[in-house]
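The values are calculated or read from the model by the stated rules, or taken from the named source; none is laboratory data. Computed from a predicted structure; not experimentally measured. Every residue, glycine as well, gets a Cβ built from its backbone with ideal geometry; the counts of neighbours run over all protein chains shown. Side chains included, ligands, DNA and RNA excluded: accessible areas come from the protein's heavy atoms. Shrake-Rupley method; radii C 1.70, N 1.55, O 1.52, S 1.80 Å.
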Amino acid sequence: MNRRQTFKLAAGAAAFAASGTIFGRGAALAQAADGPFKLPPLGYAYEALEPNIDSATMGFHHKNHHQAFVTNLNGLVGKWPDLAKKPAEEIFAAMSGVPEDVRTPVRNNLGGHWNHSFFWQIMAPGGAKAPAGDLKNAIDGAFGDVDKMKAAVKQAGLTRFGSGWAWLAVGKDKKLAIFNTPYQDTPHMDVGAKPVLGVDVWEHAYYLKHQYKRGDYIDAWWNTVNWDVAAANFKKATA
Ligand code: MN
């Protein structure tokens, strides 16, 4: 399954396909004045995840926080043109190959762009409300049952000191694993994992509604997970 096919499974796929280059394969497209990186449309309304994720948080998160990564990436392309040509996952898998003078901003901004683009899809409205089939079997085998998996992801989110993400991902050994990453690091970096789902635990993801109660946010966030998208991610990661 290629990346384009994966997007077809997600809500808002037509909009993603139209943008064409959310992870930076911009070479074949007309270059807009603001650069090859684009903010991908959510594919659903900011209020679509209410009451689990509030409309105000979704709005700021998408059009301000995510947009900032996109804007920064377009600024970095002039310093390192490969940024707009290489698939993001290839860059993440070999961060030492990024020129040293742009390595940290590429890590932060390409990571942020990738993580948020992934996040908008995994929490999209619709789809299955619980895991099934191969993904359910793998979760049960690795963690006992779905509730134990959810508890472990929550714990990974709660124990990420400061800002970062908690992930359910497929490791290099093709087995499911739960871990967190700091800042905007993606699961591909360092450990070479491919995510099935992930939850943003930066304060901007929950503070307007939940203030300091990160655990309450994670509990509510589970209600937004689109398990059809998670299943597609799992299939791609284990292919
Ligand atoms: Mn965020």
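Being within 16 Å of the ligand (Cβ to nearest atom), of a type in the set (Ser, Thr, Tyr) and either open to solvent by less than 10 Å² (accessible area, probe 1.4 Å) or in contact with a helix residue (DSSP H, G or I) (Cβ under 8 Å, 6 or more places away or on another chain) (or both): is that true of Thr71 here? Answer is no for this residue.
With respect to Ala205, is the statement that it is hydrophobic (A, V, I, L, M, F, W, C) and away from the ligand (no atom under 14 Å from the Cβ) true? Here the answer is no, as Ala205 does not meet what is asked.
So which of Gly59, Gly141, Gly112, Gly75 is assigned by TED's automatic domain parsing to the domain that holds Trp222 and at pLDDT 95 or above?
Testing whether each residue is assigned by TED's automatic domain parsing to the domain that holds Trp222 and at pLDDT 95 or above leaves just Gly141.
Would you confirm, using the coordinates I've provided, whether Thr159 is open to solvent by less than 40 Å² (accessible area, probe 1.4 Å) and hydroxyl-bearing (Ser, Thr, Tyr)? Taking the combined requirement at face value, the residue does not satisfy it.
Residues in region 119-137 that are open to solvent by less than 20 Å² (accessible area, probe 1.4 Å) and assigned to a helix (DSSP H, G or I): Phe119, Trp120, Gln121, Ile122, Leu135. Entry remark, region 13-54: residues being in contact with a helix residue (DSSP H, G or I) (Cβ under 6 Å, 6 or more places away or on another chain), modelled with pLDDT under 50 and closer than 19 Å to Pro125 by Cα number 2 in total. Taken over region 179-194, the residue count meeting the criterion of being away from the ligand (no atom under 15 Å from the Cβ), under 19 Å from Ser117 (Cβ atoms) and open to solvent by less than 70 Å² (accessible area, probe 1.4 Å) is 4.
Please specify each residue of region 47-63 satisfying the condition of being of a type outside the set (Lys, Arg), open to solvent by 80 Å² or more (accessible area, probe 1.4 Å) and within 14 Å of the ligand (Cβ to nearest atom).
Result: Phe60, single match.
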